[in-house]
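Note sheet for the following structure.
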Amino acid sequence: MSAHIAAAFEQARNPRVVGAPHPGLRPLLARGYSGYDAGAAPHDHMVRPATASVSLILKICDSALRPPAFVNGGHDRCAVIEGPCAPSYLEVRLAPLGAYTILGVPMSEVSARLVDLGELLGGDSDRLLEQVRAAPSWGRRFQTVDRYLLRRAQDGPRPAAAVSFAWQRLLTSSGTVPIKSIAADVGWSHKHLIAKFRQQAGLPPKTVARLVRFNRLLACLDRSALPDWHQIAAECGYADQAHLARDFREFTGTTPTGFVDGSRPADRAHDVRDHLIPLDHVPPAGQRLIAFKTGRDGRPYGAQRV
């Protein structure tokens with residue numbers, strides 16, 4: 001692994017301060033709030049691994065590159081972000097379906113793109129940025145974002161129950177369930193499910209299935225000091241080691257051994273994994289999470305653990 005890629009992962013793992021979101025927001029976020037400042041190492045390159053989540057960036061101190069507030073959509077391969085980051089900024093990582101609700105636009109419109117937040121939210125974006133910059137501390141900044149996201153979540157669109165069901169089936173099956181089987185379960189055509197899923201989650205269900213399978217692979221690495229790649233490939237549903245290596249290269253920009261040698265596997269795995277799965281959607285050990293229940297309007301309002 002090249003030095004700038006290793007340094008970029010270090011920056012992504014080490015914010016200056018972190019904050020817990022309001023409990024009502026947890027199902028909509030991929031992880032808690034992160035605050036960065038100049039002490040977080042202003043590298044000239046940052047590698048963002050493949051992810052289904054959407055990053056919302058609010059610059060506390062502006063910089064020449066990229067808008068003052070923007071979103072970085074989910075993408076199906078690692079991406080190199082050129083140029084140094086802002087001296088200080090706040091990051092919110094939205095879970096894919098949470099981003100659909102909060103941003104109020106089809107996630108397919110921001111997928112694999114960096115989009116000025118003003119283009120999506122208009123003057124609402126400017127007011128949020130002003131309030132965050134005026135806050136006297138990171139804690140007050142996180143509280144400002146809390147209030148804003150709660151309001152957006154209350155008024156925003158809800159994903160279709162069938163899309164929520166498909167998302168959870170992919171998670172609980174470790175990405176192994178056929179998409180056609182999910183379509184049959186929800187009573188949609190294969191083509192219609194793919195189109196609606198991509199519109200609301202940002203990526204096609206097959207790509208999400210690959211990311212979920214890769215997430216399982218990373219969990220195996222967490223448990224292994226000396227990985228047996230042949231065994232891990234078989235356990236995680238890869239055809240062979242070459243198949244596994246292709247996903248590694250595509251999703252992280254490095255080889256399996258380069259990924260492990262570059263840092264502790266648990267650290268590196270966390271950086272990739274928290275881009276994918278909302279914290280509240282991960283079933284506890286020994287449990288599985290089944291489909292969202294729906295109200296009379298067809299909207300999901302909860303989940304049942306069994």
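Hey, LEU279 hits all of (1) modelled with pLDDT under 90; (2) over 23 Å from VAL110 (Cα atoms) but one; which does it fall short on?
Condition (2) is where LEU279 drops out.
What's the number of the only condition in (1) farther than 16 Å from GLY74 by Cα; (2) surrounded by 15 or more Cβ atoms within 10 Å (Cβ to Cβ); (3) of a type outside the set (Phe, Trp, Tyr); (4) touching a residue at least 24 places away in the same chain (Cβ under 8 Å) that SER224 fails to meet?
Of the numbered conditions (1) farther than 16 Å from GLY74 by Cα; (2) surrounded by 15 or more Cβ atoms within 10 Å (Cβ to Cβ); (3) of a type outside the set (Phe, Trp, Tyr); (4) touching a residue at least 24 places away in the same chain (Cβ under 8 Å), the odd one out for SER224 is (2).
What tally of residues in the stretch 233-254 results from selecting those that are without any contact (Cβ under 8 Å) to a residue 40 or more places away in the chain and of a type in the set (S, T, N, Q)? Show your work before the answer.
In the first step, residues of the stretch 233-254 are kept if they are without any contact (Cβ under 8 Å) to a residue 40 or more places away in the chain; the result is 233-235, 238-249.
Filter again for of a type in the set (S, T, N, Q), leaving 241.
Selection size over the stretch 233-254: 1.
What are the residues in the stretch 240-261 that are open to solvent by 30 Å² or more (accessible area, probe 1.4 Å) and either modelled with pLDDT of 90 or more or under 22 Å from the mean Cα position of the chain (by Cα) (or both), if any?
ASP240, GLN241, ALA242, HIS243, ALA245, ARG246, ARG249, GLU250, THR255
Just to be sure, is GLY202 in contact with a Lys or Arg (Cβ under 9 Å, 6 or more places away or on another chain), closer than 24 Å to PRO27 by Cα and among the small types (Gly, Ala, Ser)? Break it down stepwise before answering.
On the way: in contact with a Lys or Arg (Cβ under 9 Å, 6 or more places away or on another chain): no; closer than 24 Å to PRO27 by Cα: yes; among the small types (Gly, Ala, Ser): yes.
So GLY202 fails the test.
Given (1) modelled with pLDDT of 90 or more; (2) more than 23 Å from the chain's Cα centre (by Cα); (3) open to solvent by less than 40 Å² (accessible area, probe 1.4 Å), identify the lone condition not met by ALA201.
(2)
Any idea which of (1) part of a loop (DSSP other than H, G, I, E, B); (2) of a type outside the set (A, V, I, L, M, F, W, C); (3) surrounded by fewer than 17 Cβ atoms within 10 Å (Cβ to Cβ) is the one SER111 doesn't satisfy?
The one condition SER111 does not meet is (3).
Looking only at the stretch 149-185, count how many residues are in a helix (DSSP H, G or I), farther than 26 Å from ARG26 by Cα and open to solvent by 20 Å² or more (accessible area, probe 1.4 Å).
Selection size over the stretch 149-185: 5.
In the stretch 87-100, which residues are within 27 Å of ARG158 (Cα to Cα) and aromatic (Phe, Trp, Tyr)? If you could, list the steps in order and put the result at the bottom.
The initial filter retains those residues of the stretch 87-100 that are within 27 Å of ARG158 (Cα to Cα), namely 90-100.
TYR100 - this is the single residue of the stretch 87-100 that is within 27 Å of ARG158 (Cα to Cα) and aromatic (Phe, Trp, Tyr).
With open to solvent by 20 Å² or more (accessible area, probe 1.4 Å) and either touching a residue at least 60 places away in the same chain (Cβ under 8 Å) or closer than 21 Å to ASP155 by Cα (or both) as the only criterion, which of PRO84, PRO49, PRO23, PRO67 stands out? Working first, answer last.
Working: PRO84 fails: either touching a residue at least 60 places away in the same chain (Cβ under 8 Å) or closer than 21 Å to ASP155 by Cα (or both); PRO49 fails: open to solvent by 20 Å² or more (accessible area, probe 1.4 Å); PRO67 fails: either touching a residue at least 60 places away in the same chain (Cβ under 8 Å) or closer than 21 Å to ASP155 by Cα (or both).
Among PRO84, PRO49, PRO23, PRO67, only PRO23 is open to solvent by 20 Å² or more (accessible area, probe 1.4 Å) and either touching a residue at least 60 places away in the same chain (Cβ under 8 Å) or closer than 21 Å to ASP155 by Cα (or both).
In the stretch 63-106, which residues are out of contact with any strand residue (DSSP E or B) (no Cβ under 6 Å at 6 or more places or on another chain) and among the hydroxyl-bearing types (Ser, Thr, Tyr)?
Once the filter is applied, which keeps residues that are out of contact with any strand residue (DSSP E or B) (no Cβ under 6 Å at 6 or more places or on another chain) and among the hydroxyl-bearing types (Ser, Thr, Tyr), the stretch 63-106 yields SER63, TYR100, THR101.
The values are calculated or read from the model by the stated rules, or taken from the named source; none is laboratory data. This is a predicted model, so every value here is computed, not measured. Glycine also receives a Cβ, built like all others from the backbone with ideal geometry; neighbour counts cover every protein chain displayed. Surface accessibility is based on the protein's heavy atoms, side chains included, excluding ligands, DNA and RNA. Shrake-Rupley method; radii C 1.70, N 1.55, O 1.52, S 1.80 Å.
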